[in-house]
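Below you will find the structure I want to go over with you.
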Amino acid sequence: MFRFFEKRRLIKKGLATAKTRRRRLQNEFLNRLETGMLAKILIFGAFIAGLAALIFYGSQPQPTEKFLIALLIFLTALAQLWVNHPNSFASNSRIVLMFGTMLVHLLLTKIILVLARNGTIDPQYGPLLVPYAFAPLVCSVLMGKNQGLYVATFVSLWGAIAVFRGIDAVYLVMSLICGFIAVFVTLQVRRRSRLIRAGVFVGLATWVLAITFGLIIIPWELGLAIDWKTIGYESIAAIGSGIVTAMLVGGALPILETLFGVTTDISWLEAADLNHPLLKRLTIEAPGTYHHSLVVANLAEGAAEAVGANATMCRVCAYFHDIGKLVKPEYFTENMSPDRNPHDELAPTMSALIIIAHVKEGVDLALKHKLNQQIIDVIQEHHGTSMVTYFYKRALQQQEDARAGGKIMNIREEDIPEVSEESFRYSGPKPQTRESGIISLADAIESASRALEKVTPTRLEQLINDIIEKRILDGQLDECNLTLKELRMIAESFQFTLQSMLHSRIAYPTENVAASGAEVSRPPQTAPPVSAA
């Protein structure tokens, strides 16, 4: 309450603004729910209860023995998750996604086989209609190939125990093979049509395996008449089950992405539309920043592909990383007019404040337009806690000049204001992911490359290596898990892309001097003295 009245007093004096900045709400309860051990125990307990219900439902022989085997498989799955997928184990939402999807997969299989046993479905069609690829497809597309293979393995083991009267080896083999095929076909899904293609491959695999194991009988060697009609229906059931499963997964993806905060390459491509209102504003109000963002996107995408990071995410996040410059575009180098530099009229601390503020303004705009959370993170992190070096050195120079003048004017040393390094640093945080680290480097290198008078491979290589080395020494890359080998590969990718963009061109003569044979070169471009990076 006291802060409210103090703010009102400052507003009246013109020392504060009534504007309220949008902030991401940090909910302590949700944080504990996401990472707490109690929540993990409840999730795993619910999964075990679901397994027990599937095993003990119906007249299965030796259900207790089957449940004990399922528990042993669960302990193995838990150990594998903890050792091989520590990030997924740490996130309760990811655990819910993986184990919840497997439970739904097992439930669908159980329902189909129970209906086949009851005569609702022709028994010969039951094994052919099982959605063998449901859980592997969902987890592969949403979480990656490693999680997809993990789910394909354990859902097959539990399925062979929980949904059949005995331990069915045929189901186990068919489920494993179809699950692995689903994962391999969806290693990089950038279009929804790829899901249908995966469904076709899974359906064909189901059909071939069904013939191999005798679920579809073609009596060539018995000399009997072949019932092509029945074989046709069975083939349609086998292939159609894979296609229908892929269609169900495609329809469920947007819901699952929203519920679990996951963004697939499909959604990233949809977000890459340059007709977004913020990007259209950039083209009109800050065209230099817009061009800068496009170049950074190209640099980041190429580097991400080189090291196996998410290239599509890098491109989209790079488009939006500097949207905060829309608030005061004329204060950034790429948008300045050649004859006026507004920073000449400001103190270095004020100039640095304006430059640094574009990060917070960018987060504000991103929240207002409900951009993806990962885009917001990149906006916050792309400068880390780095320093606005130009204005810091300028402030130090002014301080030295003040001290020199103070000796003449008899000004006391303590009356000369100190220059605080923290006032010239971004508030961070440092890049937390490989993609954020790549965009951070691409942003700095693109800005610096525009100041090169003559672009040569040697100069570009030196520039790139110097910037990466400074970032490492400043600790800006400590939290983004980029290795030295990956940084070398990123540097090589940056150099290749920049050389392609900044290659020299021949000078074409104009009509006035063409006859005399005089060579006409392009006028040199002078860069304003302020770096916006």
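Within the bounds of region 229-247, is there any residue that is closer than 27 Å to ILE95 by Cβ, of a type in the set (A, V, I, L, M) and at pLDDT 90 or above?
Within region 229-247, one or more residues are closer than 27 Å to ILE95 by Cβ, of a type in the set (A, V, I, L, M) and at pLDDT 90 or above.
Quick check on region 370-399: of everything there that is assigned to a helix (DSSP H, G or I) and β-branched (Val, Ile, Thr), which residue is nearest to VAL262 (Cα to Cα)?
Among them, the one singled out is ILE375.
Tell me the residue from LEU452, LEU477, LEU473 that is aliphatic (A, V, I, L, M) and more than 12 Å from SER386 (Cβ to Cβ), please.
Checking each option against the conditions leaves just LEU452.
Could you give me the residue pairs with C-beta distances under 7 Å whose first residue belongs to region 142-165 and is under 24 Å from PRO61 (Cα atoms), whose second residue is surrounded by fewer than 23 Cβ atoms within 10 Å (Cβ to Cβ) and aromatic (Phe, Trp, Tyr) wherever it lies, and which are 6+ apart or on separate chains?
GLY159/TYR171; ALA160/TYR171; PHE164/TYR171
Conditions tested, residue by residue: (1) out of contact with any Phe, Trp or Tyr (no Cβ under 9 Å at 6 or more places or on another chain); (2) among the small types (Gly, Ala, Ser).
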{"site": "HIS105", "(1), (2)": "no, no"}
{"site": "LEU108", "(1), (2)": "no, no"}
{"site": "ASN118", "(1), (2)": "yes, no"}
{"site": "VAL141", "(1), (2)": "yes, no"}
{"site": "ASN146", "(1), (2)": "yes, no"}
{"site": "ALA160", "(1), (2)": "no, yes"}
{"site": "CYS178", "(1), (2)": "no, no"}
{"site": "VAL202", "(1), (2)": "no, no"}
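Got a sec? Which of TYR125, TYR132 is more than 36 Å from the chain's Cα centre (by Cα), assigned by TED's automatic domain parsing to the domain that holds PHE74 and aromatic (Phe, Trp, Tyr)?
Being more than 36 Å from the chain's Cα centre (by Cα), assigned by TED's automatic domain parsing to the domain that holds PHE74 and aromatic (Phe, Trp, Tyr) holds for just one of TYR125, TYR132, which is TYR125.
Tell me whether region 91-98 contains one or more residues that are free of Cβ contacts under 8 Å to residues at least 24 places away in the same chain and either assigned to a loop (DSSP other than H, G, I, E, B) or under 20 Å from ALA238 (Cβ atoms) (or both).
no
May I ask you to verify whether ALA357 is modelled with pLDDT of 90 or more, closer than 20 Å to LYS328 by Cα and among the small types (Gly, Ala, Ser)?
Yes, satisfied.
When you look at ALA116, is it farther than 23 Å from TYR132 by Cβ and either out of contact with any Leu (no Cβ under 6 Å at 6 or more places or on another chain) or free of Cβ contacts under 8 Å to residues at least 24 places away in the same chain (or both), yes or no?
Considered against the rule, which asks whether it is farther than 23 Å from TYR132 by Cβ and either out of contact with any Leu (no Cβ under 6 Å at 6 or more places or on another chain) or free of Cβ contacts under 8 Å to residues at least 24 places away in the same chain (or both), ALA116 comes out as no.
If you don't mind, there's one more thing I want to ask. Kindly provide the set of residues from region 352-368 that are over 16 Å from THR289 (Cα atoms) and among the β-branched types (Val, Ile, Thr), ordered by number.
Listed by number, the list holds a single entry, VAL363.
Quick one: which of PHE67, PHE47, PHE56 is modelled with pLDDT of 95 or more and surrounded by 13 or more Cβ atoms within 10 Å (Cβ to Cβ)?
Every option except PHE47 fails the conditions.
The values are calculated or read from the model by the stated rules, or taken from the named source; none is laboratory data. Keep in mind that what you see is a predicted model, and the values were worked out from it rather than measured. Virtual Cβ from ideal backbone geometry, glycine too; neighbours counted across all protein chains shown.
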